[in-house]
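Comments concern the structure below.
The values are calculated or read from the model by the stated rules, or taken from the named source; none is laboratory data. This is a predicted model, so every value here is computed, not measured. Cβ: placed from backbone, ideal geometry, glycine included. Neighbour counts: every protein chain shown. Keep in mind that these areas ignore ligands, DNA and RNA; they rest on the heavy atoms of the full protein, side chains included. Shrake-Rupley method; radii C 1.70, N 1.55, O 1.52, S 1.80 Å.
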Amino acid sequence: MQTWGLVFLGIIALGSVVQAAFLVGLAMQGRRVARRLDELQERVDREIRPSLDNLQRVTRNLADVSDLAVLQVRRFDGLLADTVEKVEETTNLMRKVILRPLGPLIDIAAFLKGVRRGLEVYQQLRGFDRHERAAAARRYDADDEHLFI
């Protein structure tokens with residue numbers, strides 16, 4: 001039984017040596033990975049970090065420009081609303097001051113224009129009436145001409 005104990009003890013020792021070798025290999029690979037990660041970090045800091053800083057600066061500038069644009073649009077909107085209001089007030093004032101006193105004059109001018117147009121139509125119809133009478137008289141004379149002997 002002693003030999004069996006010695007065999008098992010040898011197997012345990014061999015397993016421990018294999019395990020130790022595996023752990024040493026794992027540590028070496030871990031160290032290599034850590035070194036590569038450090039190189040990658042340095043490269044990122046060296047190459048990409050300035051671009052990220054520029055991107056942050058551009059983003060801040062765009063935010064400032066956007067805020068200024070919103071402020072200017074609000075100012076312009078207020079100015080435009082104020083201008084429209086003043087134009088409406090001026091239009092209403094013009095109606096009150098100018099058109100109301102001129103209202104009777106406008107009515108008189110419209111009445112006179114209607115009368116003038118009526119006279120023009122009357123004269124045109126009267127002219128048509130004269131032409132029709134002259135044409136009827138010519139026809140009457142032409143119809144009676146055969147009776148004259």
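Taking a Cβ cut-off of under 13 Å around Glu42, the surrounding Lys, Arg, Asp and Glu residues balance to a net charge of +1, with basic ones at +1 and acidic ones at -1. What the phi angles of the stretch 3-8 give under the Karplus curve with 6.51, -1.76 and 1.60, with θ = phi - 60°, is a coupling list of 5, 5, x, 5, 5, 5 Hz, glycine and proline written as x.
The accessible surface of the stretch 1-123, taken with every protein chain in place and a 1.4 Å probe, is 66 percent carbon and sulfur.
Each Lys or Arg adds one and each Asp or Glu takes one away; over the other residues whose Cβ falls under 13 Å from the Cβ of Gly114, this sums to +1. Summed over the residues of the stretch 81-125 and divided among them, the accessible surface reaches 91 Å² per residue at a probe radius of 1.4 Å. What's the local net charge at Asp53, with K and R +1, D and E -1, over the other residues with C-beta under 14 Å away? The answer is +2.
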